[in-house]
Amino acid sequence: MVLVPLPTSVIDLALAIDIGGTKMAAGLVNRSGALVHHLQVPTPHPAPAEMTSDGNASAAAEMLWDTLADLVGSVRRAAGSGDRIVVCGAGCGGPMTPGGETVSPLNIGAWRGFPLRARLRKLTDLPTYVDNDAKALALGEGWVGAATGRPDFIGMVVSTGVGGGLVLDGKLLGGRLGNAGHIGHVVVEPEGRPCPCGGRGCLEAEASGTALATITGHPARMAPPDLVRRTGTLVGLAVASVVNLLDLPLAVVSGSVALGFGEPFFTAAQREMDRRCRLEFARGARIVPGALAESGPLIGAASLGWRGLDAGQ
C-alpha cells in the first residue's frame, strides 16, 4: 500500500506596503483582513549632499528605494511554506498620478515623480496596486474596521501629515487624477502657517505631527493640553465642511497624532462638528477613532491589492 500525503491548505496572502514620512512598513495580510506578519523601518531623509551633482534627486531617490526593497525582501522571506503571496498593494503619501504610477509625497522630498508602481511590480513580480495611503486606510476601515458596513464615510490620517479617503455609496472616490480626499489641504486658518503644498493655513500646516513639532519644538506627543484641544477643534472644523458638502454621517480618524492624543482630541473635534453641522442631514454626524490602530495602514494597503485583483484591473 502506498501512502499518499494529505494535501496541505495553501493560504493566499497580499504583500502590503505603507510608505510614510516617518516610517516604511511592509506586511502580509490574508483574505480575512488579518495581518499575519510585518516589519517597519524609519524612512530615510537623505541630506542635500546625497543628491547628484546636476541637482536632481536620483541618488537620494535610489537610497530610499533600496531601503524599501530590503524591507520588502525581508517580509517576503518570512512567508510560511504553505503561504502564497498573490498580489501587492501599497499606500503612499501624495500627491500622485492615477494608480500611483508616479508619486511625489510632500513629506518625502527625494521622491518627485518617482515611478513607484512600476518599480514595485518589477521588484515583486506580482500584480501591483498603489494609491494614497489615507485612501487605503479608508478602505481598510470599511473592510474590517470602524466603518465596516457603512457605505458613506471619510477615513482620515492625522499623523506626520494629514490625509483622507472618501467612500460614497460604498465606493472609494478617486477623482480626476486619483487624488480625491486630500482633507489635509482644506484651509482652516486663512492667514495661518505656510504649508508644504505652497498654500497657507491648511489643516496639515496646523494640525499634523510635523506642524505641531515645529510649533512647540518638541515631538507632537508632548503637546500641551490646549494644543491638543486646538488640534482636535481644527480637525472637527475641516471634517464638518466635508460632512456638509458630501452628506456624510461618519468620520473615522487614525494616525499617531489623533490616536495618541486620544479622548481630549476626539471630544474637541466632536464639539466643533456639532457646532458646524447644522443642516438637518448633517446633524448627528460622528467622528470616531479608527479601529485598526497601528495595523490600519498595512491592512488598508492589502485591501487595495485584493480589490484590484478581484476587479481584474
For the residue pair Arg119 and Arg84, what label-to-label distance in nm results when each label sits 7 Å from Cα along the Cα-to-beta-carbon direction?
3.0 nm
Going by how many other beta carbons lie within 10 Å of each one, how would you line up Lys135, Lys23, Lys171, fewest first?
Lys171, Lys23, Lys135
Sorted by packing (mean other beta-carbon atoms within 10 Å per residue), highest first, where do 211-218, 86-93, 275-282, 296-303 land?
296-303, 86-93, 211-218, 275-282
Cα pair distances of the chain binned at 10 Å [whole percent]
6, 27, 34, 22, 8, 2, 1, 0, 0
Rounded, prolate or oblate: which fits the stretch 146-291, taking a ≥ b ≥ c as square roots of the Cα gyration tensor eigenvalues, rounded meaning a/c under 1.5, else prolate when a/b beats b/c?
prolate
Cα convex hull volume per residue for the stretch 11-133, in Å³, equals 95 Å³
Be a star and scan the stretch 76-115 for residues whose amide nitrogen sits under 15 Å from the point 7 Å along the Cα-to-Cβ vector of Ile11.
76-86
Any helix of the chain counts here only if DSSP assigns it H throughout, its Cα atoms span 30 Å or more along the axis, and its mean Kyte-Doolittle hydropathy is at least 0.0, and such helices are 225-246
Can you give the FRET efficiency for Asp70 and Val36, using 1/(1 + (r/R0)^6), R0 = 30 Å, r = Cβ-Cβ distance, to the nearest 0.05?
0.90
Sort His37, His185 by Cβ crowding within 10 Å, fewest neighbours at the top.
His37, His185
Within straight cross-link reach of Lys23, meaning Cα distance under 19 Å, which lysines are found once same-chain residues fewer than 8 apart are removed?
Lys135
For Ser241, Ser254, Ser32, Ser58, what's the fewest-to-most ordering of other Cβ within 10 Å of each Cβ?
Ser32, Ser58, Ser241, Ser254
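Each reported figure results from applying straightforward, stated rules to the coordinates on display, with no laboratory input. None of the values given here were measured: they were computed from a predicted structure. Note that each Cβ is placed from the backbone with ideal geometry, even for glycine, and that neighbours are counted across all protein chains shown.
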